[in-house]
Amino acid sequence: MSATRADGAKFWVGFHRVPYVGPSRIRRLIERFGDLERAWDAPPGELRTVLDERAVESLVKTRRALSLDDEMDKIERAGVTVLTHGGEGYPRLLAEIPAPPPVLYVKGELLPEDGLAIAVVGTRRLTSYGREVGGRLAGELAAAGVTIVSGLARGIDAVAHQAALRAGGRTIAVLGCGVNVVYPPEHRNLAGQIVENGALVSDYPPDRKPDAPNFPARNRIISGLSLGVVVVEAPAKSGALITVDFAADQGRDVFVVPGNVLSSASAGCNRLLRDGARPVRDADDVLEDLNLGRRQEQQAVQQALPIAEEERRLLALLTADPQHIDELAAAANQPISQVGALLLTMELKGLVRNAGAQHYARV
């Protein structure tokens, strides 16, 4: 079975096509019916226990007009993968944001190492300074094993993608249209290179045409896929600043390249710095602040020492809130000495965090 067909994906795709049914309503449908297949086939009377009349009418109309099997065949023929929230392959970082997109369409491939990702964003009307600094930063980060996330737009976005590719790294482009539609059209070759060395990603259906409101909305995915956002050049009113707002809401770090105080292209950046954003000069500043060097060491340990089954069982008991080793040992029904040894190994792998005083939390 392909990744596209997994996890009842066609029913997620179906509901994704229904107007007035968004993430919160999909969640309520799953709670009410157990899964989206049952919800898709449910009679209107049962649907009204979860949805309002407008949404019920929209669903009934959509399922009359849409053949889910034909739609999935079309998606597969286009080389597009469907990822569903909670399903296999859905990006871990994105799943953590408020109201993550229920469905992602991917052209290319998202890999586990893309969890080490940084967004590089900025103005479409870049200066020579922005081109030089943005390219250098994205290239250095990519060379260090960090996946570069941006939006395939003209300007800083394109510079960031191109620099990552030149450095032999991976890059992800989040689109404000479907993954079968390249916008702007002059970036068609760049999009093809990204598919070979990363992925095009969108939460819009694959053939959706670009529309102005789509682009600010997609910025939440750019920041959601990333550990932090680097703003290279941004005027006072810039789409990059929308990404910064999303990053702040999602608890992501924001880094800003200082600009010429006389340049309107950097007015937004300099305002962010005045308001307390972290200034960066090069990739080392970002890597140090996010402790990414340590993360890469932990990834190497995980590859050398794969996660054992007993570690998985203990990991399932851990939460983001620190717990004392005595509680963990009791919950795992194992001796404290054995749990302590497991926790030490898991800490080296970057799976758990030692909060002090024998308290541990899941990373």
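The values are calculated or read from the model by the stated rules, or taken from the named source; none is laboratory data. Values in this document were obtained by computation on a predicted structure and should not be read as measured data. Counting neighbours? That spans all protein chains shown, and the Cβs are built from the backbone with ideal geometry, glycine included.
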Checking the structure you have, find out if any residue of region 325-342 is assigned to a loop (DSSP other than H, G, I, E, B) and within 29 Å of the chain's Cα centre (by Cα). no
Going through V230, V174, V201, V179 one at a time, which residue ends up being within 17 Å of L141 (Cα to Cα), of a type in the set (A, V, I, L, M, F, W, C) and within 20 Å of the chain's Cα centre (by Cα)? V230
If we ask which residues in region 250-280 are loosely packed, with under 13 Cβ neighbours inside 10 Å and closer than 18 Å to A117 by Cα, their number turns out to be 1
Is there a residue in region 5-22 that is acidic (D, E) and surrounded by fewer than 15 Cβ atoms within 10 Å (Cβ to Cβ)? no
Among helices (runs of 4 or more DSSP H) completely within region 33-101, the ones holding 1 or more residues that are over 16 Å from L225 (Cα atoms) are 36-41, 44-47, 53-65, 68-77
Can you name the residue in region 11-32 that is touching a Phe, Trp or Tyr at 6+ places or on another chain (Cβ under 6 Å) and either small (G, A, S) or part of a loop (DSSP other than H, G, I, E, B) (or both) and is also farthest from P206 (Cα to Cα) among such residues? V21
If the requirement is being under 15 Å from G122 (Cβ atoms) and free of Cβ contacts under 8 Å to residues at least 60 places away in the same chain, which of these qualifies: A158, A167, A153, A142? A158
Filter pass, S226 being polar (S, T, N, Q) and touching a Gly at 6+ places or on another chain (Cβ under 8 Å): no
Can you tell me how many residues within region 353-363 are in contact with a Leu (Cβ under 8 Å, 6 or more places away or on another chain) and over 10 Å from Q323 (Cβ atoms)? 2
Mind checking which pairs have a first residue in region 194-219 that is in contact (Cβ under 8 Å) with a residue 24 or more places away in the chain and a second that is in a helix (DSSP H, G or I) and aliphatic (A, V, I, L, M), Cβ under 7 Å, 6 or more apart or different chains? N197/L165; L200/A191; L200/I194; V201/I221; D203/I221; P206/I75; P216/I242; N219/I242
Looking only at region 69-111, which residues are free of Cβ contacts under 8 Å to residues at least 12 places away in the same chain and either assigned by TED's automatic domain parsing to the domain that holds G169 or among the hydrophobic types (A, V, I, L, M, F, W, C) (or both)? A95
